[in-house]
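> Dropping a structure here in structure tokens format, bear with me for questions.
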Amino acid sequence: LVLQCCALDSSKRPSFTQIYQRLEELGPEMIKHAQIAHHRCQRKLSTLSVGSNKRGSARADELLYEVFPKKVAEQLKSGRFPDPEPYSCVSLFFSDIVGYTDICSVLSLEEVLDMLHRLYSRFDALAEELDLFKVGTVGDAYMCVANVRHPMPETHAAAMARFAFGCRAITKSEPISPRHPELGNIHIRMGIHAGPVMGA
């Protein structure tokens with residue numbers, strides 16, 4: 001019954017009426033145990049939520065500083081919208097996956113998400129190693145910038161070039177899907193630009 005309730009295909013999951021009927025077939029004692037377990041879970045959750053508010057707030061702050069540059073994170077924490085500011089010279093990297101639409105038509109959603117996770121986790125680790133700031137990912141597009149979070153006015157272009165070559169090496173060794181080796185490895189298009197930008 002539990003496995004049926006967790007089926008990925010919602011049409012294969014039993015309705016609440018069907019669940020109740022199945023439990024009734026198991027006897028009133030089973031329903032009583034299920035109700036007791038449900039009440040225990042509710043009490044435990046309410047106890048946890050009170051104690052986790054402080055931990056949740058600390059984790060939210062940690063995520064804020066992880067996602068945004070320090071100055072922006074502090075402005076957001078104080079309830080202010082960050083002011084745009086000029087950066088005289090940064091290096092930007094952007095990429096997307098060659099044939100992404102075709103890949104999505106062949107793989108399941110879980111396999112596509114796995115591919116993106118494997119690839120972009122490795123890109124993220126490389127970006128962190130080189131002190132680059134990840135701007136974000138949208139679908140299969142990846143973007144990061146140098147000389148924003150960590151000042152490197154003389155070396156940002158070289159750091160971004162190292163990142164691009166590193167990404168190229170990563171894709172050469174990263175399969176589209178471990179379950180479908182016939183699809184080969186991931187190929188990306190990438191570009192780099194250096195110059196002034198406005199950012200917040």
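> Quick test of your reading of the structure: residue 197 fulfils all but one of (1) under 21 Å from the mean Cα position of the chain (by Cα); (2) in a strand (DSSP E or B); (3) not charged (D, E, K, R). Name the failing condition by number.
(1)
> Does segment 127-147 include one or more residues that are in contact with a helix residue (DSSP H, G or I) (Cβ under 7 Å, 6 or more places away or on another chain), part of a helix (DSSP H, G or I) and in contact (Cβ under 8 Å) with a residue 40 or more places away in the chain?
No - not one qualifying residue is present in segment 127-147.
> Does residue 83 qualify as being in contact with a helix residue (DSSP H, G or I) (Cβ under 8 Å, 6 or more places away or on another chain) and either under 27 Å from residue 182 (Cβ atoms) or surrounded by 18 or more Cβ atoms within 10 Å (Cβ to Cβ) (or both)?
So residue 83 fails the test.
> From the residues in segment 179-200 that are touching a Lys or Arg at 6+ places or on another chain (Cβ under 8 Å) and among the hydrophobic types (A, V, I, L, M, F, W, C), which one is least open to solvent (accessible area, probe 1.4 Å)?
Ranking the qualifying residues of segment 179-200, first place goes to 188.
> Next up: Whether any residue in segment 86-108 is surrounded by fewer than 11 Cβ atoms within 10 Å (Cβ to Cβ), over 30 Å from residue 181 (Cα atoms) and at pLDDT 80 or above is what I want to check.
Taking every residue of segment 86-108 in turn, at least one turns out to be surrounded by fewer than 11 Cβ atoms within 10 Å (Cβ to Cβ), over 30 Å from residue 181 (Cα atoms) and at pLDDT 80 or above.
> Looking only at segment 168-178, filter to residues that are open to solvent by 30 Å² or more (accessible area, probe 1.4 Å) and not in a strand (DSSP E or B); which one of those is farthest from residue 141 (Cα to Cα)?
Only one residue tops the list, namely 178.
> Restricting to segment 148-167, and then to whatever is part of a loop (DSSP other than H, G, I, E, B) and charged (D, E, K, R), can you tell me which residue is nearest to residue 69 (Cα to Cα)?
Checked segment 148-167; the qualifying residue nearest to residue 69 (Cα to Cα) is 149.
The values are calculated or read from the model by the stated rules, or taken from the named source; none is laboratory data. All values reported here derive from a predicted model rather than from experimental measurement. Cβ atoms come from the backbone with ideal geometry, glycine included; neighbour counts cover every protein chain shown. For accessibility, only protein heavy atoms count, side chains too; no ligands or nucleic acids. Shrake-Rupley method; radii C 1.70, N 1.55, O 1.52, S 1.80 Å.
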